Amino acid sequence: MNYISSFFRTAEKGEDKKYTKNGIMLLTCRVIILGMTLLYIVKAFIGAYYHEIDSYVLPTISMEYRHSLLITQEDIGHAKIDYPEYYKDVDDFESLRSSRLKKVTQDRWASFYFPSYSACCMPLKLIFQLIGADQMWAFTVTNALFVIAALIYMYNRLKVPPLFKLLAVLMFVLSPIDMYIQYISAEAMMFSLVTIALVMYTNEKYRLSAVLISVASMTNPTVMGFGIVMVAEYLVRMFSRRRSVKIFSRGNILETLKYACCFLPCFVPFVFNFIYLGTGNPTTDSATVTDYGARVLSYLFDVNIGFSALAPVTLAAFLVLTAVSLARKNFTALRYFGFFIVPLLAYSLMLFINCVPVFFVRYVMWNYPALILGTVVLGSRIIVRPIKQYVFSGVVTASTAAMLCINSIPMYYFGFNGASRFLLEYFPELYSPYRGTFYAGTDGFSWGYTIDRPSMYFSPDDGTLRKCLFRATDEYKAQVVSMLKGSSEDISKFSQMVDSVPSDGGFHYINVSHFSGIKLWKKTSEEMGLLTADGAALDIAENITAGRTGCILEPGVEPTEKYALYKLEIEFEDGDFPRRTDNFSVNAFGEFYKERFIGISGENTMSIICLADEDIQDPEISLRCDRDVRVKSVSLTPMKAVSAEVLADSDSHVELPENNEDGVLIPAEYEPMKNYFLDVTIPEGSISDDDEVYCMLYYSKRFNHEQAVYQLTDGENRFLVNSGDTTIVRPAPDDGFYVKFFGSSGSPVTVEYAALSIAQ
C-alpha cells in the first residue's frame, strides 16, 4: 500500500533531514511507530483475553465449515477442535460462557453482534490452521494489524506540521488501544477504522471515509454517529456551494446517490437481524432515555470510566479550541466537535454504561480518535507561536502519560481506578458518579441501575466508610445506619448526616472524608444477623508469608453437604496488612477473591465468606501478594445462614417431591434487582415446632450464575427474595430457580408446592 511504502521514504524539501527540528520530530515519530509495531505484534502472540468470546469466535467456525452466519451445535464440536483451550468444557448452548448468542430456533443461534469482525479474522484463521498454529492468534494478530495500519496511515496522511504530527502519534500510542489487542472483540478494529476514516475525511476523501465508518458500524450501530455528521456536512456543503445551480439537477442527484451507496454496509446487520431475530439490532433492547444526561456526563467527565480517566487535560483543551475556533468564525471546528459528541450521544442511549472497562469503557474507545484528530488539527490551526505550540504539545502529552501511570488497569470487570480511588479516599465530595457506576464499583453489579438498597465505599486501607449511596426513604435511612459500627459518637454524627437528607425518595450521596475523623466500619455478616457460626474454628496455618509465588494451604476440609459455607479469617502481623496499592488475592476452594469480596473484621484481620462445593477437585486455599506480607494465622469456621434477601419473578406453581434432598428446578423469567415472594406450603407436622426453615436458591441469567440462602419470614410460609443481591457465584442447572429447602437442624423439609410472585 502506498501509505505504508511512503512511511519509509524521505520527505521532499529536506523536511526530515537529520539535524533539522522537523526532521528530528519526524524521525522520532518513525522510531515510536516501529517500536510500537514490535510491541503490538509481540502482545498479539503472548495471550488472549475474552468476555463475549462466543459471539466472535463461533461465527468463524460456522462461516468456514457451513458457510453460514448462524451457529449450531455442530459448530461447538468444531470449536472444541480448532480452539481446544477455550472450548474444552463447552458442550452445548447452555454451557457457553457469556455468549450473548440469540436463539433463532431451538437449534440455531445468531451472534449478538453482526460477525463483520469475525469475517476480518477469517484469513488469518485459515493460515494458522494450515500451518498448525494456535488459531486464536487470528483474532489478536488481526487486532494488531488493524492498529498498526491505523497508526502508520495517520502518520503519513495527516496534514499537520511535524510537531502536531508527533503529538498525534504520542496521543495514539498513549491510548489504551494496545490493551485491546489481546482482547477478543471488535474494539481494535472499530478504533482503527474510525481513525483511518477521520483522517481520510480531513483529506476530503469523503466516499472512502463513509465506507469505512459504515463497515465499522456493522458491529455496533452507534458508530454511525460519525456517519450522521458526514451526511449533515455533505448537505451543508451541497447547499452552500451550489446556490446558483439547481439542487435537484441530474449531476447532484447522481453524486448524492453515489455518496449514499457508501453507507449501504451499515444496513446489512439490520436486514439480517430483522430476518432472523425480528429486531433491527439486539443492542437496542437496553436503550433508554432514563438518566440519559447522567450517562452523557459520565462518558465525558467520569474519572473512572469516561474520557477524563485518561485525557482530562486533552478534553478541556479540545473544548477550548472548539470554542475559540467558533468565536473566530472558523466553522470547520463543528466537524470535529460533531465527530466527538454525536457518537457519544448515540451510545449514551445504552443503559449499560459499565461495559468492560479497560482504563475507560470500551464505548469511549470507539470515538477517542475524534478527540485525537480534533485536538491536533484545531491546535495546529489556532496555536501559531512556536513556543505556545511546544507548551501545548508538552502539556497534553505529559498529562496523558501521567493519567496512564495513575490509573491502574482494572483486571476485574468492575472496580475503581487510581484517580477515582484517590478522590473517594481523600475528597469523596468531588467524585459522585452515576449510580450504576457506583454500584458496579462497590458491589460488582453490572446491572446496578435498578438497585434501591444502600451501597457503600470503604477505604481499602483501613476499611472505614468514605461514601454512601442510598434512596432517601425512612426505611433505607434506618438501614444505612444499622449496617455500620463504630464509636457511639461517630455513629451519632453519621446519623445526623443521614437525617439531614430529605426523605424525597431520590438517590443521595453521603461523604465521609479521610480528614473528617469519623471512623465507621461495615458490620460483618454475623454482626448483621445474616450468618452464624456452625462449629468450631479450624486453624489452618500460622506464621507464614504470602508473596509473589503464592502460599498454598491445605485446610483438610471435606464438605459434608453441597455448597457448605465457611468463614476464612486471615490475621496479619502488625504493619503487614495489605495496602491499597498491593495486589493481594485469595483463592479458596477454587473461587477467586479480590477487592470487593474481602472484608475487614479487625485491625489486622481480613475475613471472607466462601463456599465449599462437595464436588470441588482441589480443596486448597492460596494467598498471593506482589510483596511479602507476614501472616500471623489463618482459620476456617463453618457457617450457616440465619437470614438474607433473595430472588424471583413471574408467577408459577411447582409441586415439589417429598424430602427434596436434591432440590427442584422452578423455571421462571425474572428481572434483576427486584424483590419477590416465594410462597411455600409445608405440610403440618413435617418439621418440629422449634425448627426454622431455610431455602437455598440458585439462578442463572445473562453473565451471572448465583446462589444464596434465605430464611422463611416469621409467621408466614413465605420467603422474601431479591433477584441480584447475592455474593456467592455458582452455576445453576438451567434458567430459572433451583430450590432446596432444609431445616435449621439440617434436616430435609417436605414442601408440597412453591409459588413465585412479585413483591410490590
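The values are calculated or read from the model by the stated rules, or taken from the named source; none is laboratory data. Owing to the predicted nature of the structure, the values given are computational and were not obtained by experimental measurement. With ideal geometry, Cβ positions are generated from the backbone for all residues, glycine too; neighbour counts draw on all protein chains shown.
Any chance you could count how many residues in region 163-179 are closer than 16 Å to LEU145 by Cα and modelled with pLDDT of 95 or more?
Qualifying residue count for the region: 2.
Taking the condition closer than 29 Å to GLY280 by Cα, of a type outside the set (Lys, Arg) and in a loop (DSSP other than H, G, I, E, B), does PHE146 pass?
no
Considering region 47-83 alone, what residues qualify as being aliphatic (A, V, I, L, M) and closer than 13 Å to ILE184 by Cα? Working first, answer last.
At the first step, the residues of region 47-83 found to be aliphatic (A, V, I, L, M) are 48, 53, 57-58, 61, 63, 69-71, 76, 79, 81.
Within region 47-83, ALA48, ILE53, VAL57, LEU58 meet the criteria.
Based on this model, can you work out whether ASP134 counts as in a loop (DSSP other than H, G, I, E, B) and surrounded by fewer than 24 Cβ atoms within 10 Å (Cβ to Cβ)?
Numbers: in a loop (DSSP other than H, G, I, E, B): yes; surrounded by fewer than 24 Cβ atoms within 10 Å (Cβ to Cβ): yes.
Yes: the conditions hold for ASP134.
Residue check, LEU465 against (1) in a strand (DSSP E or B); (2) loosely packed, with under 14 Cβ neighbours inside 10 Å; (3) at pLDDT 85 or above; (4) not aromatic (Phe, Trp, Tyr), all met but one. Which one?
Here LEU465 meets the rest and fails (2).
Answer yes if at least one residue in region 105-117 is closer than 12 Å to LEU69 by Cβ, assigned to a helix (DSSP H, G or I) and not polar (S, T, N, Q), and no otherwise.
Of the residues in region 105-117, the ones closer than 12 Å to LEU69 by Cβ are 108-111, 113-116.
Narrowing further to those that are assigned to a helix (DSSP H, G or I): 116.
Filter once more, keeping what is not polar (S, T, N, Q): none.
Scanning region 105-117 turns up no residue that is closer than 12 Å to LEU69 by Cβ, assigned to a helix (DSSP H, G or I) and not polar (S, T, N, Q).
Take the conditions more than 18 Å from LEU34 (Cα to Cα), part of a helix (DSSP H, G or I) and among the aliphatic types (A, V, I, L, M) and apply them to ALA168. Does it pass?
Details: more than 18 Å from LEU34 (Cα to Cα): no; part of a helix (DSSP H, G or I): yes; among the aliphatic types (A, V, I, L, M): yes.
For ALA168, the condition - more than 18 Å from LEU34 (Cα to Cα), part of a helix (DSSP H, G or I) and among the aliphatic types (A, V, I, L, M) - is not met.
Based on this model, can you work out whether TYR180 counts as in contact with a Ser or Thr (Cβ under 6 Å, 6 or more places away or on another chain) and buried (at least 21 other Cβ atoms within 10 Å of the Cβ)?
Values: in contact with a Ser or Thr (Cβ under 6 Å, 6 or more places away or on another chain): no; buried (at least 21 other Cβ atoms within 10 Å of the Cβ): yes.
For TYR180, the condition - in contact with a Ser or Thr (Cβ under 6 Å, 6 or more places away or on another chain) and buried (at least 21 other Cβ atoms within 10 Å of the Cβ) - is not met.
Can you give me the number of residues within region 33-57 that are acidic (Asp, Glu) and touching a Leu at 6+ places or on another chain (Cβ under 7 Å)?
Of region 33-57, the ones acidic (Asp, Glu) are 52, 54.
From the residues that got through so far, the ones that are touching a Leu at 6+ places or on another chain (Cβ under 7 Å) too are 54.
Adding up the residues that qualify gives 1.
Just need a number here: residues in region 309-343 that are part of a loop (DSSP other than H, G, I, E, B) and surrounded by 16 or more Cβ atoms within 10 Å (Cβ to Cβ).
Step one: of region 309-343, the residues part of a loop (DSSP other than H, G, I, E, B) are 310-311, 328-332.
Imposing the further condition that a residue be surrounded by 16 or more Cβ atoms within 10 Å (Cβ to Cβ) reduces the set to 310-311.
Here the count works out to 2.
Could you list, in sequence order, all residues of region 45-90 that are acidic (Asp, Glu) and either in a strand (DSSP E or B) or more than 22 Å from THR140 (Cβ to Cβ) (or both)?
GLU74
More than 26 Å from PRO269 (Cα to Cα), at pLDDT 95 or above and surrounded by 14 or more Cβ atoms within 10 Å (Cβ to Cβ), is that true of ILE33? If you could, list the steps in order and put the result at the bottom.
Working: more than 26 Å from PRO269 (Cα to Cα): yes; at pLDDT 95 or above: yes; surrounded by 14 or more Cβ atoms within 10 Å (Cβ to Cβ): yes.
The answer is yes for ILE33.
Yes or no, residue by residue, for (1) under 29 Å from VAL376 (Cβ atoms); (2) surrounded by fewer than 14 Cβ atoms within 10 Å (Cβ to Cβ); (3) modelled with pLDDT of 95 or more:
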| site | (1), (2), (3) |
| --- | --- |
| GLU85 | no, yes, no |
| ARG108 | no, no, no |
| LYS125 | no, no, yes |
| VAL147 | yes, no, yes |
| ILE152 | yes, no, yes |
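ILE127: closer than 26 Å to LEU151 by Cα, in a helix (DSSP H, G or I) and assigned by TED's automatic domain parsing to the domain that holds TYR153, yes or no? Show your work before the answer.
On the way: closer than 26 Å to LEU151 by Cα: yes; in a helix (DSSP H, G or I): yes; assigned by TED's automatic domain parsing to the domain that holds TYR153: no.
No, not satisfied.
Can you give me the number of residues within region 292-308 that are assigned to a helix (DSSP H, G or I) and buried (at least 21 other Cβ atoms within 10 Å of the Cβ)? Working first, answer last.
Step one: of region 292-308, the residues assigned to a helix (DSSP H, G or I) are 292-301, 307-308.
Adding the requirement that they be buried (at least 21 other Cβ atoms within 10 Å of the Cβ) leaves 295, 298-299, 307-308.
Adding up the residues that qualify gives 5.
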